[in-house]
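Student: This is the structure I have questions about; it appears just below.
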There are 2 protein chains.
Amino acid sequence: MSQSGTGIDLDTSLGYLLKEASSVLRTAMEEVLRPLGMTVTHYSCLELLAQRPGLSNSELARGAFVTRQSMNVLLQNLERDGYVTRPAQAPVGKALPARLTPRGRRSLERASAAVRSVEVRMLAGMTEAEQADALRSLRSMIRSLRGDAVGA
Amino acid sequence: MSQSGTGIDLDTSLGYLLKEASSVLRTAMEEVLRPLGMTVTHYSCLELLAQRPGLSNSELARGAFVTRQSMNVLLQNLERDGYVTRPAQAPVGKALPARLTPRGRRSLERASAAVRSVEVRMLAGMTEAEQADALRSLRSMIRSLRGDAVGA
DNA sequence: CAACGTATGTCAGACTTCTGACATGAGTCA
DNA sequence: TGACTCATGTCAGAAGTCTGACATACGTTG
């Protein structure tokens, strides 16, 4: 696809393809989330809270792959609009455990269904085995990039 | 990794893992690009121009997975700083073919080497066959998400 | 106990990217 | 030829995210 002007190796670079896949996935998610008035990070935050109630702002940030400052802005809005609640006082340390409100849970349900449909569409045409392979490949790449050491 | 509080299926979601891998890759690239005073999009633009000279602003935007408005901002800066050149008049239509200047090419060389090392690190621990599989998987996901049609 | 390093929440400012909008140039078709 | 559609470049404003900075809370270590 695209132009085949010079026959570049961009199409054979795993890094480039990873970026492309991520971009396409993000766009597809934004498309289904926009009608619900939700961004991807917004949805990620809610989904994380549904699956792991009590996560702190910093933990949510790591789970959604943004800085804690960005997540803090979002979390304050979500709290103001009644989607999540946080105690005024930290039970321990400074971390404030966040939880979904019933309203947040309802909002998430629609979003979750929409996002699931996107993932289903993405996986169409792949066998179970291929999906398992892809899972292992991605995990390997993540581990290699994170696992520091290695001067190289 | 992370907490194993509830045993979530986030670790088995290809979509989530794709986002994670992309995030880690981006962070790794930013790390090596920052000392060179370059962002990922900045580098992407230069790399695209090196491999496909004469790409227009819109084409560069598509290749770097940003909007043409964003690429336009970047391209104007790169032009102002002497990394790329564009004719004042469009040879055909409105599209202005961009090209690297010698300075742009020099700047790219260092960045390209740095990015290559990141990709090498990412692929460490994967066999040729596994890389080929990953390539096919990512292409399949991209095609499925892009290829509309298909109701559910 | 005191000092240190680490992690957290939060505020402020800057940067990047996005959406919306407009005008221009090329191709298509009646 | 004229109308329509599409792609492009560009400007302007809005939104999201980032970096930098500060104060606070915990654990460790002397």
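The values are calculated or read from the model by the stated rules, or taken from the named source; none is laboratory data. All values reported here derive from a predicted model rather than from experimental measurement. Here Cβ is always computed from backbone atoms with ideal geometry, including for glycine, and neighbour counts include all displayed protein chains. The accessibility values were calculated without ligands, DNA or RNA, using every heavy atom of the protein model including side chains. Shrake-Rupley method; radii C 1.70, N 1.55, O 1.52, S 1.80 Å.
Student: For the subset of the range A:91-115 comprising residues that are within 13 Å of chain B (Cβ to nearest Cβ) and within 15 Å of A:R34 (Cα to Cα), which member is most open to solvent (accessible area, probe 1.4 Å)?
Tutor: It comes out as A:A113.
Student: Further, regarding this structure: Restricting the search to the range A:118-133, which residues are open to solvent by 20 Å² or more (accessible area, probe 1.4 Å) and more than 7 Å from chain B (Cβ to nearest Cβ)?
Tutor: A:V120, A:T127, A:E128, A:A129, A:A132
Student: Please specify each residue of the range B:47-65 satisfying the condition of being part of a helix (DSSP H, G or I), away from DNA strand C (no atom under 16 Å from the Cβ) and touching a residue at least 40 places away in the same chain (Cβ under 8 Å).
Tutor: Selection gives B:A50 alone.
Student: Can you name the residue in the range B:80-90 that is under 14 Å from B:S56 (Cβ atoms) and free of Cβ contacts under 8 Å to residues at least 12 places away in the same chain and, of all such residues, is surrounded by the most Cβ atoms within 10 Å (Cβ to Cβ)?
Tutor: B:A90
Student: State yes or no: is B:E31 surrounded by 19 or more Cβ atoms within 10 Å (Cβ to Cβ), more than 14 Å from the chain's Cα centre (by Cα) and either touching a residue at least 24 places away in the same chain (Cβ under 8 Å) or more than 15 Å from DNA strand C (Cβ to nearest atom) (or both)?
Tutor: It is false that B:E31 is surrounded by 19 or more Cβ atoms within 10 Å (Cβ to Cβ), more than 14 Å from the chain's Cα centre (by Cα) and either touching a residue at least 24 places away in the same chain (Cβ under 8 Å) or more than 15 Å from DNA strand C (Cβ to nearest atom) (or both).
Student: Ok, one more. Residues of the range A:26-46 being at pLDDT 95 or above and not in a helix (DSSP H, G or I), which ones?
Tutor: Scanning the range A:26-46 gives A:M38, A:T39.
Student: Could you look through the range B:65-112, keep only residues that are of a type in the set (K, R) and over 15 Å from B:G54 (Cα atoms), and pick out the one that is nearest to DNA strand D (Cβ to nearest atom)?
Tutor: Going through the range B:65-112, the residues of a type in the set (K, R) turn out to be B:68, B:80, B:86, B:94, B:99, B:103, B:105-106, B:110.
Checking the rest, the ones that are also over 15 Å from B:G54 (Cα atoms) come to B:68, B:80, B:103, B:106, B:110.
Details: B:R68: 5, B:R80: 12, B:R103: 20, B:R106: 24, B:R110: 20 Å.
That would be B:R68.
Student: Residue under question is A:G82, and the condition is that it be at positive phi and either among the hydroxyl-bearing types (S, T, Y) or more than 13 Å from chain B (Cβ to nearest Cβ) (or both); does it hold? Reasoning before the result, please.
Tutor: Working: at positive phi: yes; either among the hydroxyl-bearing types (S, T, Y) or more than 13 Å from chain B (Cβ to nearest Cβ) (or both): yes.
Judged against the criteria, A:G82 is a match.
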